[in-house]
Structures are given as C-alpha cells and as structure tokens.
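Working notes for the structure below.
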Amino acid sequence: TVLRADASAARSVESRSSLGSFRNSIEPVSLDTYRFGVGASQQFARLRLDGSFGLRDVNFNDVTGLNGVIINQQFRDVRTLTETLSGQYDVGNGIGIIVTGRANQSSFDFRPGAVGFNPLVNVDRASSGFSLEGGVSLELSSLVFGTIQVGYLRQSYRDPRLRDFTGLSFNANVLGNVTSLTSLRVRA
C-alpha cells in the first residue's frame, strides 16, 4: 500500500505568444498556480489499483495597459477538481494492461452571481467531464518504459451557448534511455 500527498505553489508569467495573453499591456500577465493532491495505490499480486484526487487553483494578476488603465484579470481565475481511478494488470515480460478513468469539474470566479457578470453578454464557462482509456504499460528492461492509452472523452458546459464535445482521447508517456547520460521522452 502506498499513500501520497503533494502540494505546490508557483508564480509564473504568461507567454506573450499565448492565444489568451493580453498584448496591449506594459508587462506580461503573471499568474499564481496552487496545486494539492492525494492518492493511494494498492498492489494485489499482479493487479495494482490507483486512485487520486487533485485540486488546481489558478489566479491571474491584474496588468497595466499601455494607456495606464488597470486591466482586471479576475474573469480568468479557474479552479479544477480532478478524480482518477486506474487499474493495471501485469501480463508478464514487462507488459501490462491498464484502464484509467478520470473525471473533472472546472469553475470560474467570474460566473453568474459575481459582480459585473451579465448573463446576456457574459458566458458561464464552468464545465464537467470525464475520460475512459485503456491500453498497455511497458517496462522493457531499464531502457524503455511508460504507458500508451486510447479511449473516449466528454466535456459538458453549464452555459447552453457553449457546445459540449465528445471524441477520441489518447495518452502516451514513454521514456527511452538511449545511453546512461541521454534519455528520450515522448508525451502525447
């Protein structure tokens, strides 16, 4: 049995090339990101079960526009809850079968009921969704290991003006140790 907990806090700056970045500000937008997560794993011979819960809170800081006016960034603040359940069965020879289910729920500070929110003009971007994926885990000696999964996802928005979406979900995270000093990681 393994129990784990993690927490982090970071202040970063949004890239000017980001699609959501404000270009008419004196300095790039800074943001504070807080994360907290707990999880547990249990091994039963060849079967391992994992469960985790995470909270991510992102707060965008106000910026000063080129004209000297403060541009409020509160409408971008978002809080996301994520739950994950995973089961992995070791087939043998470093190969396993893995199934993962994830659920998420996002809410924004700027929503119906918030000061300045006009339901005729503003959009409630709150959403919830899930994904279900299956695939293989690899542990081919100490040279290559990771997971490759494919499945289905769905995301639903509270505001009817935003279109829900469903589709193919995939996840790959494979690490290859080319030499003792060089590693190559592929993520998708």
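Between Ala45, Ala9, which is under 29 Å from Ala172 (Cα atoms), open to solvent by 50 Å² or more (accessible area, probe 1.4 Å) and under 16 Å from the mean Cα position of the chain (by Cα)? Give the steps one after another, and end with the answer.
Numbers: Ala45 fails: under 16 Å from the mean Cα position of the chain (by Cα).
Criteria check complete, one pass: Ala9.
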Would you mind finding the one in Asp57, Asp124 that is over 23 Å from Ser169 (Cα atoms) and in a strand (DSSP E or B)?
Asp57
Find the residue count for segment 149-188, including only residues that are open to solvent by 80 Å² or more (accessible area, probe 1.4 Å), within 22 Å of the chain's Cα centre (by Cα) and within 19 Å of Ser128 (Cα to Cα).
7
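Let's see how each residue does on (1) under 24 Å from Asn24 (Cα atoms); (2) modelled with pLDDT under 95; (3) open to solvent by 40 Å² or more (accessible area, probe 1.4 Å); (4) part of a loop (DSSP other than H, G, I, E, B):
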{"residue": "Thr80", "(1), (2), (3), (4)": "no, no, no, no"}
{"residue": "Gly101", "(1), (2), (3), (4)": "no, no, no, no"}
{"residue": "Ala114", "(1), (2), (3), (4)": "no, yes, no, yes"}
{"residue": "Pro119", "(1), (2), (3), (4)": "no, yes, yes, yes"}
Answer yes or no as to whether Ser18 is under 20 Å from Thr82 (Cβ atoms) and either part of a strand (DSSP E or B) or without any contact (Cβ under 8 Å) to a residue 12 or more places away in the chain (or both).
no
For segment 60-69, does any single residue satisfy the condition of being part of a strand (DSSP E or B), touching a Gly at 6+ places or on another chain (Cβ under 8 Å) and within 23 Å of Ser128 (Cβ to Cβ)?
no
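Could you tell me whether Gly92 is surrounded by fewer than 17 Cβ atoms within 10 Å (Cβ to Cβ) and at pLDDT 95 or above? Before you say what the answer is, go through the steps one by one.
Numbers: surrounded by fewer than 17 Cβ atoms within 10 Å (Cβ to Cβ): yes; at pLDDT 95 or above: no.
For Gly92, the condition - surrounded by fewer than 17 Cβ atoms within 10 Å (Cβ to Cβ) and at pLDDT 95 or above - is not met.
Quickly run through segment 127-144 and pick out the residues that are open to solvent by less than 80 Å² (accessible area, probe 1.4 Å), modelled with pLDDT under 95 and part of a strand (DSSP E or B). I'd like the intermediate steps shown before the answer.
In the first step, residues of segment 127-144 are kept if they are open to solvent by less than 80 Å² (accessible area, probe 1.4 Å); the result is 127-129, 131, 133-138, 140-141, 144.
Narrowing further to those that are modelled with pLDDT under 95: 137-138, 140-141, 144.
Ser137, Leu138, Leu140, Val144 - these are the residues of segment 127-144 that are open to solvent by less than 80 Å² (accessible area, probe 1.4 Å), modelled with pLDDT under 95 and part of a strand (DSSP E or B).
The values are calculated or read from the model by the stated rules, or taken from the named source; none is laboratory data. Everything numeric in this text was worked out from a predicted model, so none of it was measured. Every residue, glycine among them, receives a Cβ derived from its backbone with ideal geometry; neighbour counts consider all protein chains shown. Note: areas computed on protein heavy atoms with side chains; ligands, DNA, RNA excluded. Shrake-Rupley method; radii C 1.70, N 1.55, O 1.52, S 1.80 Å.
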